[in-house]
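These notes are about the structure you will find just below.
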Amino acid sequence: MTEDELVDLMTSLEEGVPVPGKAAAFEDEARRLAVGEHGRAQLLAAAGEHWQMRGEYDEARRCYREARVDGGDALVDIWAHFLSLALAEGDEEQVTVVDKSLRVAVSVDALEPATCHFVGESYELHGRLRDALRWFTLPLTWGEEDDLDDECLRARWRVRRDLGLPIDRLDSLATPPGPG
């Protein structure tokens with residue numbers, strides 16, 4: 001499956017399948033692909049996200065595990081999904097373990113900004129603004145000023161405002177989100 005085909009498929013599932021059936025639809029599409037085939041891990045991760053949104057954490061965990069074993073590429077590192085799940089379940093021990101693992105991956109340049117943004121949003125969603133700020137800032141520490149991740153810049157700006165922190169150099173580079 002090409003990247004364009006995957007994007008088209010995921011968009012059609014998000015837009016065309018009623019909410020109660022989305023998780024199963026993503027899983028069904030993933031099962032049509034061979035283990036390791038491009039798109040399979042991403043589809044399983046999306047299925048897991050939908051199970052998690054429904055509060056069906058065991059199903060979400062199963063999908064995340066299968067995506068991890070699959071070994072294929074996903075937009076966001078699968079461990080970030082495990083962190084999000086641990087936060088949703090209130091499993092602080094697991095949050096700590098997975099967060100440390102992800103920070104090691106950052107230190108060896110093994111995570112993309114999209115994963116850092118996802119982790120930051122997961123923390124922000126659970127009211128852990130200092131943790132969110134750290135994750136939104138991480139990918140901004142290794143890039144050139146004109147090549148910084150816009151999503152992380154804007155999210156960092158938003159969290160710093162929520163924390164009441166003064167504007168700093170990175171905040172001045174962010175384009176604040178527009179009104180609604």
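Here are some notes:
- Whole-Å semi-axes of the ellipsoid equivalent to the chain (Cα gyration tensor, √5λ, descending): 29, 18, 17
- Relative contact order of segment 30-176, defined on C-alpha pairs under 8 angstrom at six or more residues apart (%): 15
- Residue-normalised accessible area of the chain, expressed per residue, 1.4 Å probe, Å²: 53
- Stretching K100 away from V7 to a fully extended chain increases their span by 30.4 nm, per 0.36 nm per residue minus the current alpha-carbon distance.
- Segment 17-125, dipole about Cα centre (Lys/Arg Cβ +1, Asp/Glu Cβ -1), debye to the nearest 20: 240
- For segment 4-19, Karplus couplings with θ = phi - 60° (6.51, -1.76, 1.60), whole Hz, Gly/Pro x: 4, 5, 5, 4, 4, 5, 5, 5, 5, 5, 4, 8, x, 10, x, 3
- Residue by residue, segment 111-123 carries 3J(HN,Hα) couplings of 10, 7, x, 4, 5, 4, 5, 4, 5, x, 5, 4, 5 Hz when phi is fed to the Karplus relation 6.51 cos²θ - 1.76 cosθ + 1.60 (θ = phi - 60°); x denotes Gly or Pro.
- Using a probe radius of 1.4 angstrom, the carbon and sulfur fraction of the accessible surface of segment 30-180 is 49%.
- Each residue was assigned an accessible area with a 1.4 Å probe, and for E59 the value is about 60 Å².
- Across segment 159-172, rounded Karplus estimates of 3J(HN,Hα) from the backbone phi angles (6.51 cos²θ - 1.76 cosθ + 1.60, θ = phi - 60°) give 5, 5, 5, 4, 7, x, 7, x, 5, 10, 4, 5, 4, 5 Hz, Gly and Pro being marked x.
The values are calculated or read from the model by the stated rules, or taken from the named source; none is laboratory data. These numbers come from a predicted model, not from an experiment. Don't worry about glycine lacking a Cβ; one is built from the backbone with ideal geometry, like all the others, and counts go over all protein chains shown. For the accessible areas, the whole protein counts, side chains as well, though only heavy atoms, and no ligand, DNA or RNA atoms are used. Shrake-Rupley method; radii C 1.70, N 1.55, O 1.52, S 1.80 Å.
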